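To start, the structure under review is shown below, and the notes come after it.
The values are calculated or read from the model by the stated rules, or taken from the named source; none is laboratory data. Note that this is a predicted model, so its numbers are computed, not measured. FYI the Cβ positions are ideal-geometry reconstructions off the backbone, even for glycines, and counts take in every protein chain you see.
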């Protein structure tokens with residue numbers, strides 16, 4: 001049975017405008033992609049207009065749900081996501097609400113370098129608005145029947161994108177496996193990851209004013225997930 005780690009997430013050119021400068025500052029990828037080793041913690045962002053996937057890069061996104069699905073059911077998952085998004089857009093466009101970016105956070109520890117330094121994923125905090133919570137809860141509910149409960153982290157690792165796989169030092173598979181039980185519903189903490197870095201207190205080094213992104217500028221997509229829960233390869237655009 002072929003499995004795929006997928007990230008149902010929001011993307012927007014508005015995210016790019018805010019996140020790309022912060023990503024290049026806080027999470028620079030210095031090495032050329034061909035020079036980066038398999039265990040490198042390097043991860044930065046590229047604009048949505050760049051369609052070619054590159055190891056160590058991903059799209060700025062706000063995760064709505066993460067799950068492991070059977071590859072043969074990806075088409076059905078995409079259709080459900082499309083239908084939910086069409087209904088959601090109709091409602092939010094009438095209300096003229098926006099997605100709100102609140103500020104920069106240091107982010108969780110996702111890995112450890114060989115020298116012992118922690119690798120964090122700094123991010124932009126997204127307001128947990130009623131609209132966003134409705135979208136999150138609806139997607140989690142509608143996709144629950146497609147969620148494969150994987151019993152092994154090794155099996156889970158194999159489901160990630162082969163060009164940016166979950167490496168041995170990363171907690172990426174654990175994060176995906178625990179998403180609905182630990183990071184969904186009342187524990188849902190929406191954010192836009194800026195990349196990976198081992199610097200401390202990065203939130204104190206950056207400033208971001210409260211920013212509103214109109215919902216009409218956003219898209220809900222299904223992506224094949226890469227290391228650090230990256231939105232690595234858009235399956236539905």
Number of the condition not met by residue 209 [criteria: (1) touching a residue at least 24 places away in the same chain (Cβ under 8 Å); (2) in contact with a strand residue (DSSP E or B) (Cβ under 9 Å, 6 or more places away or on another chain)]: (1)
Every residue from the range 53-78 that is surrounded by fewer than 18 Cβ atoms within 10 Å (Cβ to Cβ) and assigned to a strand (DSSP E or B): 70
Please determine, by comparing only the residues of the range 150-189 that are in a loop (DSSP other than H, G, I, E, B) and free of Cβ contacts under 8 Å to residues at least 12 places away in the same chain, which one is nearest to residue 71 (Cα to Cα). 162
Exactly one condition in (1) assigned to a loop (DSSP other than H, G, I, E, B); (2) at pLDDT below 90 is false for residue 50; which is it? (2)
Residues of the range 109-124 classified as in contact with a strand residue (DSSP E or B) (Cβ under 7 Å, 6 or more places away or on another chain), surrounded by fewer than 17 Cβ atoms within 10 Å (Cβ to Cβ) and assigned to a loop (DSSP other than H, G, I, E, B), total: 1
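Before we move on, is residue 224 under 29 Å from residue 50 (Cβ atoms) and assigned to a strand (DSSP E or B)? If you could, list the steps in order and put the result at the bottom.
Values: under 29 Å from residue 50 (Cβ atoms): yes; assigned to a strand (DSSP E or B): yes.
In short, yes.
If you go through the range 79-94 one residue at a time, do you hit one that is in contact (Cβ under 8 Å) with a residue 12 or more places away in the chain, surrounded by 22 or more Cβ atoms within 10 Å (Cβ to Cβ) and either within 30 Å of residue 200 (Cα to Cα) or in contact with a strand residue (DSSP E or B) (Cβ under 6 Å, 6 or more places away or on another chain) (or both)? Spell out how you get there, then give the answer.
Of all residues in the range 79-94, those in contact (Cβ under 8 Å) with a residue 12 or more places away in the chain come to 80-82, 84-85, 88-89, 91-93.
Those left that are additionally surrounded by 22 or more Cβ atoms within 10 Å (Cβ to Cβ): 81.
Filter again for either within 30 Å of residue 200 (Cα to Cα) or in contact with a strand residue (DSSP E or B) (Cβ under 6 Å, 6 or more places away or on another chain) (or both), leaving 81.
Yes, some residue in the range 79-94 is in contact (Cβ under 8 Å) with a residue 12 or more places away in the chain, surrounded by 22 or more Cβ atoms within 10 Å (Cβ to Cβ) and either within 30 Å of residue 200 (Cα to Cα) or in contact with a strand residue (DSSP E or B) (Cβ under 6 Å, 6 or more places away or on another chain) (or both).
Which is under 20 Å from residue 62 (Cα atoms), surrounded by fewer than 19 Cβ atoms within 10 Å (Cβ to Cβ), modelled with pLDDT of 95 or more and touching a helix residue (DSSP H, G or I) at 6+ places or on another chain (Cβ under 7 Å), of 97, 174, 127, 142?
Values: 97 fails: modelled with pLDDT of 95 or more; 174 fails: modelled with pLDDT of 95 or more; 127 fails: touching a helix residue (DSSP H, G or I) at 6+ places or on another chain (Cβ under 7 Å).
Within the list 97, 174, 127, 142, the selection yields 142.
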